[in-house]
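Quick one: the structure is below, questions incoming.
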Amino acid sequence: MDKLNMCTSSLADGNYVALAAMFPNTVTETIDENGEVVRAIDADILAQEINTRVVSGKEERYQFTWPDKRKSLLLANQPIAAALRPCREESVDFDTTGNLYIEGDNLDVLKLLRETYLNRVKMIYIDPPYNTGNDFIYEDDFSEDTSGFLQRDGQYDEQGNRLMLNLDSSGRFHTDWLNMIFPRLRVARDLLTEDGVIFISIDDNEVENLKKLCNEVFGSQNFVACVIWERAYSPVNLKKHFSENHDYILCYAKNIEKLICNGLSRNREANDRYSNPDNDLRGKWKSSDLSVGPAVQCNIYEIITPSGRKVMPPSGYSWRLNKERFREYVNDNRIWFGDAGGNVPSIKRFLSEVKQGITPMTIWKYCDVGHSQKASQDLKKLFDEKAQFTYPKPVELIKRMLELYSNDDSLILDFFSGSATTAHSVMQFNAEDGGNRKFIMVQLPEVCPPDSEAAKAGYKNICEIGKERIRRASAKIKADSPLTTQNLDTGFRVLKLDSSNMKDVYYTPDAYAGMEYDIEGLVNNIKSDRTAEDLLFQVMLDRNIPLSSKIEQDGQIFSVDGNYLIACFGKVDTELITEIAKKKPYFAVFRDNSFTNDSSLVNFEQVFNTYSPKTIRKVL
């Protein structure tokens with residue numbers, strides 16, 4: 001039995017556990033006064049986590065570092081003023097879908113989603129740039145303000161995201177890639193549920209660095225597996241030494257103690273190994289060896305079969321069961337002696353009692369999850385040869401991840417969406433198992449090369465291809481299974497990253513004190529090109545309301561998720577305020593210049609205090 005400790009608990013140990021859970025990247029090892037290696041918290045990194053400026057430190061310790069790492073960490077924690085603007089005309093089933101397709105730099109998008117989707121995403125899959133020396137990667141600025149950054153050298157997309165070739169000759173081959181991926185993983189971790197999981201595709205160029213980086217971001221104790229995916233099935237004879245036919249998929253949990261693996265479905269071949277020759281009422285079974293090695297002396301004994309044959313375990317082996325347990329198995333008809341009763345005894349394993357989910361192995365063969373060539377062919381068929389991607393991922397590959405770690409109602413995120421294979425996989429898997437999983441796709445609108453088949457077909461950027469892929473894939477899924485996909489959600493709301501809806505004076509009014517400034521700009525703090533729906537989605541983010549929530553509009557009144565949020569950005573008088581207050585919303589939001597007269601402004605608080613005093617009221 002356990003003994004009482006007879007002492008108080010260690011506050012230091014408790015604080016260490018708490019800090020390690022909040023900031024797993026601060027966990028390190030150091031040498032104490034006795035020369036012993038002990039666990040510790042890296043004070044410099046912890047200081048960086050809770051400061052808004054770069055903190056320096058020079059103590060030697062075990063750590064994984066690279067140039068600009070501290071600045072990259074600071075970038076992950078920096079706030080931004082940005083908005084996600086809805087685009088109804090490019091969406092499908094805007095008013096009813098629970099899926100999102102977001103265009104823009106994924107770091108900024110992740111920051112915007114951080115509070116609203118904190119601990120809500122069950123599974124993340126990403127296929128980031130592989131850093132082959134020819135891929136365009138994001139370059140995040142570390143020093144300039146926004147205006148200076150956008151004017152630097154013209155290598156930007158329409159949203160001001162800079163793209164650059166990460167050439168091996170640049171001298172920052174690994175550094176630039178790590179600075180790109182590090183802050184994105186840091187923010188993404190916050191979105192995962194406590195039992196959530198992330199899968200990351202990668203190749204040989206960065207797999208070692210990525211694993212070290214993930215050990216820091218998620219904690220080495222949360223490493224689940226390094227899967228080897230057989231992405232090709234034939235050699236490339238032009239290769240000088242080896243023809244690589246695999247990629248890696250790193251898998252990490254948010255909290256491995258809470259992560260549950262569903263396992264892989266049992267296939268017909270596995271079930272066909274079971275039969276029922278003795279018509280056992282418990283159903284089909286198969287026999288397994290009663291003997292096991294190395295021998296356990298107390299389990300070596302003679303068994304007499306029903307036919308009278310005397311049997312001993314093989315040399316060096318013993319029976320799995322002791323004598324008493326063996327008799328219990330015989331009485332329960334769980335021992336098989338063969339049709340004639342004279343065979344070496346074996347244990348009956350019933351199909352009904354077998355674990356239904358098969359534990360996955362870490363080598364995923366192309367015959368089970370597809371290969372990149374098939375993925376390319378499938379994509380071409382879907383687009384009538386009008387879209388090409390280098391090494392796209394098969395739908396079957398991502399479906400396996402969904403099968404292992406998602407539930408029927410899980411939220412799935414991919415912030416390097418590319419051709420939207422993840423969205424396709426979610427819809428396909430929902431169609432097959434009746435699930436209601438939802439997806440969030442995030443993709444930078446990278447311009448299609450002018451000479452590409454996609455550009456010739458009229459696709460300006462990757463986002464246009466991704467959205468069209470979802471439309472075409474959903475049509476095919478429904479056409480293939482019309483009877484079981486009637487209620488399948490194949491729509492998506494398109495949101496586009498943009499600057500904040502609010503003018504600068506909204507954030508820094510003190511900067512304009514004593515200065516000449518446009519009076520209209522002070523009175524109206526919202527940019528002139530923004531719509532009421534633009535404001536609504538910014539309010540939803542600010543109030544941590546999911547961006548897929550149902551929205552109803554009645555005139556100028558927006559109701560979100562029933563009456564959870566009611567917003568009105570047009571002119572309001574006392575009558576309209578009363579109408580809204582009687583609905584008893586949890587949140588009510590108005591523009592500060594919406595009140596038609598002083599009377600309605602004066603009556604505002606009184607009306608709500610009368611009809612809905614618990615409503616949280618806000619103005620823009």
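Looking at the stretch 318-345, which of the residues that are part of a strand (DSSP E or B) and in contact with a helix residue (DSSP H, G or I) (Cβ under 8 Å, 6 or more places away or on another chain) is surrounded by the most Cβ atoms within 10 Å (Cβ to Cβ)?
319
Within the stretch 266-307, work out how many residues are touching a residue at least 12 places away in the same chain (Cβ under 8 Å) and part of a loop (DSSP other than H, G, I, E, B).
19
Out of the residues in the stretch 221-248 that are touching a residue at least 24 places away in the same chain (Cβ under 8 Å) and outside any strand (DSSP E or B), state the one that is nearest to the chain's Cα centre (by Cα).
So the residue we want is 222.
If I filter the stretch 431-447 down to residues being crowded, with 22+ Cβ neighbours inside 10 Å and out of contact with any Ser or Thr (no Cβ under 7 Å at 6 or more places or on another chain), which single residue comes out as farthest from residue 114 (Cα to Cα)?
444
Looking at residue 320 and the list (1) in contact (Cβ under 8 Å) with a residue 40 or more places away in the chain; (2) at negative phi, which single condition is not satisfied?
It fails just one condition, (1).
A further question follows. Could you check the stretch 87-198 for helices (runs of 4 or more DSSP H) lying wholly inside it with 1 or more residues that are buried (at least 16 other Cβ atoms within 10 Å of the Cβ) and modelled with pLDDT of 70 or more?
106-114, 173-191
Only one residue in 330, 369 is of a type in the set (Val, Ile, Thr) and not assigned by TED's automatic domain parsing to the domain that holds residue 260. Which one?
Of the residues listed, the single one that is of a type in the set (Val, Ile, Thr) and not assigned by TED's automatic domain parsing to the domain that holds residue 260 is 330.
Listed here are the residues, each with its yes/no results for (1) crowded, with 18+ Cβ neighbours inside 10 Å; (2) touching a residue at least 40 places away in the same chain (Cβ under 8 Å).
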{"position": "544", "(1), (2)": "no, yes"}
{"position": "550", "(1), (2)": "no, yes"}
{"position": "564", "(1), (2)": "no, no"}
{"position": "570", "(1), (2)": "no, no"}
{"position": "591", "(1), (2)": "yes, yes"}
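Got a number for residues in the stretch 441-471 being touching a strand residue (DSSP E or B) at 6+ places or on another chain (Cβ under 9 Å), assigned to a loop (DSSP other than H, G, I, E, B) and aliphatic (A, V, I, L, M)?
Residues in the stretch 441-471 being touching a strand residue (DSSP E or B) at 6+ places or on another chain (Cβ under 9 Å), assigned to a loop (DSSP other than H, G, I, E, B) and aliphatic (A, V, I, L, M): 1 in total.
So, one more: Give the number of residues within the stretch 418-440 that are part of a strand (DSSP E or B) and modelled with pLDDT under 95.
Total meeting the criteria: 0.
Out of 541, 576, 547, I need the residue that is under 28 Å from residue 489 (Cα atoms), part of a helix (DSSP H, G or I) and not β-branched (Val, Ile, Thr). Which one?
541
One line per residue, one yes/no per condition, for (1) surrounded by 14 or more Cβ atoms within 10 Å (Cβ to Cβ); (2) hydrophobic (A, V, I, L, M, F, W, C); (3) on the phi < 0 side of the Ramachandran plot; (4) out of contact with any Lys or Arg (no Cβ under 8 Å at 6 or more places or on another chain):
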residue: 228; (1), (2), (3), (4): yes, yes, yes, yes
residue: 246; (1), (2), (3), (4): yes, no, yes, no
residue: 253; (1), (2), (3), (4): yes, yes, yes, yes
residue: 267; (1), (2), (3), (4): no, no, yes, yes
residue: 273; (1), (2), (3), (4): no, no, yes, no
residue: 276; (1), (2), (3), (4): yes, no, yes, no
residue: 303; (1), (2), (3), (4): yes, yes, yes, no
residue: 316; (1), (2), (3), (4): no, no, no, yes
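With respect to the numbered conditions (1) outside any strand (DSSP E or B); (2) at pLDDT 90 or above; (3) not acidic (Asp, Glu), which one is the sole condition not fulfilled by residue 348?
Only one criterion in (1) outside any strand (DSSP E or B); (2) at pLDDT 90 or above; (3) not acidic (Asp, Glu) is unmet by residue 348, namely (1).
The values are calculated or read from the model by the stated rules, or taken from the named source; none is laboratory data. Predicted, not measured: the structure shown is a model, and the values here were computed from it. So basically every Cβ, Gly included, is an ideal-geometry build from the backbone, and we count neighbours across all protein chains shown.
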